[in-house]
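Q: Below you will find the structure I want to go over with you.
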């Protein structure tokens, strides 16, 4: 026999917006030449070749100028209308290095683990923003509204937070080495585990602050 075989406040002018994963199909492994290597070595090589890569760092998302402008505009409408129109901004894991967001409304937006190193966020409205694990190295956040912001594990080394509103913000284990917090309002903020070595705190309001 044969066999068969799936907020209520409007933003000021956005000065600048500077920003500019299909895995290739893997060709089938060619059979190793017979007797080219000992059987044990051949088996080890095949296992190594087929074993998936481990501990890869996730690639940051890129946002081009036009897309960022649309995202910010939709988010502002979402904030002003209390969510009736527009859309909440999701900029988590994005590369926003050096971007200018001065006075922009970002309240409630998600920028978790985003790269905002060197960004200009002066006077930005970031009430309740999620910046957990974000890179804000050297960023300018002077007079920004960061009340109730999630800045847990954020990198704020050398950041300018002079006069910023950080009331009730979560700054647990944040890195604030050499940060400028002069005149900042930190009342009720959680600074447990935060690194404040070299930070400037002259004139800062620290009532009810949970210290490191």
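Q: Residue 178 fails exactly one of the following numbered conditions: (1) surrounded by fewer than 24 Cβ atoms within 10 Å (Cβ to Cβ); (2) over 20 Å from the mean Cα position of the chain (by Cα); (3) within 20 Å of residue 106 (Cβ to Cβ). What is the number of that condition?
A: The number of the failed condition is (3).
Q: Given the criterion closer than 27 Å to residue 80 by Cα, assigned to a loop (DSSP other than H, G, I, E, B) and modelled with pLDDT of 95 or more, identify the matching residue among 118, 183, 188.
A: 188
The values are calculated or read from the model by the stated rules, or taken from the named source; none is laboratory data. Just so we're clear, the structure is a prediction, and the values are computed from it rather than from any experiment. Methodologically, a virtual Cβ is constructed for each residue, glycine included, from the backbone with ideal geometry; neighbour enumeration extends over all protein chains shown.
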